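Read the structure below first, then the notes.
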Amino acid sequence: MVKSAHGVLNGFLISFEGTEGSGKSTLIRQVGLLLDQWGQPTLLTREPGGSALAEKIRSVVLESSMNPWTELFLYEAARAEHLTQTILPALERGEIVLCDRFTDSTLAYQGHARGLPWKQVKTLNQIATGGLRPRLTVFLDIDPEAGLRRAQDANRFEAEGIKFQERVRKGFLKARAERPKSWLTLRSDKLTATQLAEKVVQHLTSKRWIKKRE
């Protein structure tokens, strides 16, 4: 149970980050299955998206080219809606929220790769979330070129190519350097999705954030 600006939250948030094709979506499903076996109530969600309005914004962001500032503001609008409609209610119910991308993706993509001011992006992230941060950020690291070969979403970020994804990866590394103790980095090209999920759950148990229910 954690007291925050949003009140008392009985659950906690885990974000999953990485460049395109890193395997986040597959890993989240595997982690969700393991936590379910442990008797832990979980919610799987994603950004942009995760609520009715945020999903509409997602379709615009992923399919339409736009000014980087427009892109950033749309992401933050979707995040604010996602937070109030989906994430906070789940945390209040005591669930573990597994989110496919969160604020660190905005720093990596719009901040570092697009070249928008890092501090301003952080400020907008804080406004959109009311200061809520993931208890853990799982970073799936992979060579960007290998990730693009594996990618299946066919969105415009994949189409921007290897140089863009290399800048995105550097953005994630910069974000990790600011809060290293709250990040878990895994090489997604070295282990299977099941093995990666086991690593995540082992980390949660080592921190005593979860325990197996009888």
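Computed values, structure above
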quantity: Footprinting exposure proxy for Thr45, Thr205, Thr106 (fewest neighbouring C-beta atoms within 10 Å first); calculated: Thr205, Thr45, Thr106
quantity: Selected from Asp143, Asp100, Asp36 as most flexible by GNM, with the chain as the system and alpha-carbon contacts under 10 Å; calculated: Asp36
quantity: Listed peptides 130-136, 108-114, 77-83 by packing density, highest first (mean Cβ within 10 Å); calculated: 108-114, 77-83, 130-136
quantity: Antiparallel bridge percentage (DSSP; both residues within the chain; nearest 5); calculated: 15 percent
quantity: MRE, 222 nm, helices only [DSSP H, n ≥ 4, -39500 (n - 2.57), over the chain, to nearest 500]; calculated: -14500 deg cm²/dmol
quantity: For the chain: Kirkwood Rh in Å [reciprocal of mean 1/r, alpha carbons]; calculated: 17.3 Å
quantity: Relative contact order %, the chain, counting alpha carbon pairs below 8 Å whose residues are six or more apart; calculated: 33 percent
quantity: Centroid-to-centroid separation of segment 80-146 and segment 156-214 [C-alpha atoms, Å]; calculated: 13 Å
quantity: Coordinate range along principal axes, alpha carbons of segment 66-138, Å, largest first; calculated: 38, 23, 18
quantity: Segment 153-214: mean projected area of Cα convex hull, nm²; calculated: 6.3 nm²
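Bear in mind that the values in this text are calculations on the coordinates, not laboratory data. Small disclaimer: the values here were computed from a predicted structure and weren't measured. Cβ coordinates were reconstructed from backbone atoms using ideal geometry, including for glycine residues, and neighbour counts include every protein chain displayed.
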